[in-house]
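Q: This is the structure, below, for whatever I ask next.
Throughout, read-outs are computed from the coordinates displayed, never taken from laboratory work. Predicted, not measured: the structure shown is a model, and the values here were computed from it. Neighbour counts run over all protein chains shown; Cβ positions are idealised from the backbone, glycine included.
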Amino acid sequence: MEQQSQLERLGLFDARVPRYTSYPTAPHFTPAVGEPVFRDWIAAIPAGAAISLYMHVPFCRRLCWFCACRTQGTQSDEPVRAYAKALLAELEMLRSALAPGVKLSRLHWGGGTPTLMPPDMMRQVAGAVLDVFPLAEGAEFSVEIDPNEIDEARMDALAEAGLTRASIGVQDFDPEIQKVIGREQSFEVTKRAVDMIRDRGIASLNADILYGLPHQDPRRIAESVQKLLALSPDRVALYGYAHVPWMAKRQVMIPSEALPDPHGRLRLFETARKLFLADGYDEIGIDHFARPGDGLARAQKAGLLRRNFQGYTDDRAEVLVGLGASSISRFPQGYAQNAPATGAHLAKIRAGRFSTTRGHAFSAEDRWRSRMIEALMCDFEIRAEECIRDHGFDAESLAQVFAPVAAHFGEMVETDAAGLRITPKGRPLTRMIARMFDGYDMAASGHSAAI
């Protein structure tokens, strides 16, 4: 109870802060980064480099009310086929702009619902991607799979394309909660999808589950977690539901009066967390769990854990290219985002142009702030040696950066000659502590609750 009082005093239950899957965060992107800059950054990728590729499919058969992703509904395959045609054209433009021999270390299809594509379309798109970007040795190919939108034929197509990691969204197994959030998906339907994945020898399975949903209580989330554990995922993302109806209009369908209060959200998180730890999962950063042999767990132990738009990753590639509407590319020079609206993106691609509409070029200050935030989010510490070696700090200037953080958070952090560390009792405050290193205006909309 004393710790909870300390957390409350420091604003845990009131603050709205970024998830820091990028720095600066997307609301700070500007039109200063457009197609010419994107082309320059693509051309600067060295010949033979290994990069990552994210492909966004914005279509869904149904629009889940809780979701804040860039998606649109369709009951017909025609818009999807038109979009796939544009993906092929975008890939050809990338082929023309790239130095020779560029390979993929990671390929991820997200959405939306990539698995609503018919099998022939999946094969065509996967074949085109791998024709432009062959997989490097040890590469991973992952796809977000909607258990309600997968069958044997589509699963066969993905397996034949080389799928190595499947990611399924669970959210919650309670029927009442599913109905209220617009995502009805029984345990049986989910298990059927998992069985299809396992039957094809796809070794790695990710799952997402949400806390902070309407009508959730510790008993209900415990039952959902136990059902999820019965499916034995290799890694789990335990995300806090972000209720942002001013950004995601469909969330007005969710009864805000049924949402747990901030103290209730913390109880839900802790209930789920204890169950994952009791089942032998390693805790990864602030909201992921992984089996000890999983790549995330190995990366954490080696100090190589990183942060990207999907959350935590063990991907070491310096470049991530975003393919499709709204996708964000990350380069050593900065971020570049494609046109968010599908129609605007398609129009640019059909005109033979990349659809980059905004982004951000890194300053020297961005680089050190970004790395400090990432280090806190991944390792709960900032190492002085790294800051001095890579970012030009000396002991005195670094102490000046750390001083206001230590003054504000007190015993929740520790500082000494080795750097700054978040203590175990301060870890619920990680995003708030990271915010102290953010040099941008916090008034930008879209940030989520700190817990």
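Q: Once you list every other residue whose beta carbon is under 14 Å from the beta carbon of residue 381, what net charge do they have if Lys and Arg are +1 and Asp and Glu are -1?
A: Charge balance near residue 381 sits at -2.
Q: Let me have the 222 nm mean residue ellipticity of the chain computed from DSSP H runs of 4+ only, each contributing -39500 (n - 2.57), with the sum over all residues rounded to the nearest 500.
A: Counting only the DSSP helices, I get -12000 deg cm²/dmol.
Q: Under DSSP H, which helices of the chain have Cα atoms covering 27 Å or more of the helix axis and a Kyte-Doolittle average no less than -1.0?
A: Span-like helices, by this rule, are 78-97.
Q: Next question. Could you work out the relative contact order of the stretch 364-446, using alpha carbon pairs under 8 angstrom and six or more residues apart, expressed as a whole percent?
A: 35 percent
Q: Also, I was wondering about something else. Which percent, nearest 5, of DSSP beta bridges in the chain are antiparallel?
A: Antiparallel bridges: around 45 percent, rounded to the nearest 5.
Q: Which trypsin sites (Lys or Arg not before Pro) does the stretch 352-388 hold that lie in a coil by DSSP with at most 15 other beta carbons within 10 Å?
A: Listed in order of number, the matching sites are 353.
Q: Distance in nm between label sites at residue 270 and residue 200, each 7 Å beyond Cα in the beta-carbon direction?
A: About 4.2 nm separates the two model spin labels.
Q: Pull up the cross-link candidates among the lysines for residue 227, meaning alpha carbon to alpha carbon under 24 Å and not fewer than 8 places away within one chain.
A: 179, 191, 274
Q: Let me ask you something else. Using only alpha carbon pairs under 8 Å that are at least six residues apart, calculate the relative contact order of the chain and give it in whole percent.
A: 22 percent
Q: What lysines could a cross-link reach from residue 85, if we take a straight Cα to Cα line under 17 Å and drop same-chain neighbours fewer than 8 places away?
A: Straight-line reach from residue 85, under 17 Å: 348.
Q: Oh, and also: Across the chain, where is the longest run that never hits GluC sites (Glu not before Pro) in a DSSP loop with at most 16 other C-beta atoms within 10 Å?
A: Counting only loop sites that pass the neighbour cut-off, the longest clear stretch is 1-183.
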